[in-house]
Amino acid sequence: MNRPRTRPSVVPFIASWNSELPDLVAGLTIEYDPESRLAYKGLPLPTDRDLGGISSARMSHSPHVGKPIFDGVHPTRQRFCMFEMSCQVCGWPASRNKDG
């Protein structure tokens with residue numbers, strides 16, 4: 001039986017919005033220090049790499065502007081939740097209770 005799809009009542013904190021645009025692949029270059037790796041052209045941003053040096057996608061930041069993209073993840077907000085152990089739905093610290 002096909003049920004009609006309903007729109008979620010909550011937009012997850014890590015969801016991207018159609019106003020948030022990723023940087024273009026043309027903005028990438030190869031950096032040689034001491035090994036070759038992908039990097040963004042120009043000055044690096046603090047959000048380009050995590051503490052281990054792993055690169056992250058660049059994306060503009062304008063939450064709650066436009067329409068949510070439920071199957072899209074904003075890389076900076078997701079990284080924040082992962083490192084801060086925060087809830088990916090509300091963005092606040094994860095609960096410490098019998099359920100986890």
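The values are calculated or read from the model by the stated rules, or taken from the named source; none is laboratory data. None of these values were measured; they are calculated from a predicted model. Cβ sites come from the backbone with ideal geometry, for glycine too, and all protein chains shown count toward neighbours.
Okay, here's what the table says:
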| quantity | calculated |
| --- | --- |
| Condition broken by Pro68, with the remaining ones in (1) closer than 16 Å to Asp23 by Cα; (2) surrounded by 14 or more Cβ atoms within 10 Å (Cβ to Cβ) satisfied | (1) |
| Tally, over segment 78-90, of residues that are closer than 27 Å to Arg5 by Cα and either loosely packed, with under 12 Cβ neighbours inside 10 Å or under 12 Å from the mean Cα position of the chain (by Cα) (or both) | 2 |
| Single residue of segment 36-56 satisfying the filter (in contact with a strand residue (DSSP E or B) (Cβ under 7 Å, 6 or more places away or on another chain) and of a type in the set (S, T, N, Q)) that is surrounded by the fewest Cβ atoms within 10 Å (Cβ to Cβ) | Ser36 |
| Residue in segment 1-19 that is farthest from Val73 (Cα to Cα), counting only those that are small (Gly, Ala, Ser) and part of a loop (DSSP other than H, G, I, E, B) | Ser9 |
| Residues within segment 41-57 that are within 18 Å of the chain's Cα centre (by Cα) and at pLDDT 90 or above, tallied | 0 |
| Strands (runs of 3 or more DSSP E) (entirely within segment 20-100) containing at least 1 residues that are in contact (Cβ under 8 Å) with a residue 24 or more places away in the chain and under 21 Å from Val10 (Cα atoms) | 68-73 |
| Extreme residue, farthest from Ile69 (Cα to Cα), among residues of segment 1-24 that are aliphatic (A, V, I, L, M) and surrounded by 10 or more Cβ atoms within 10 Å (Cβ to Cβ) | Leu21 |
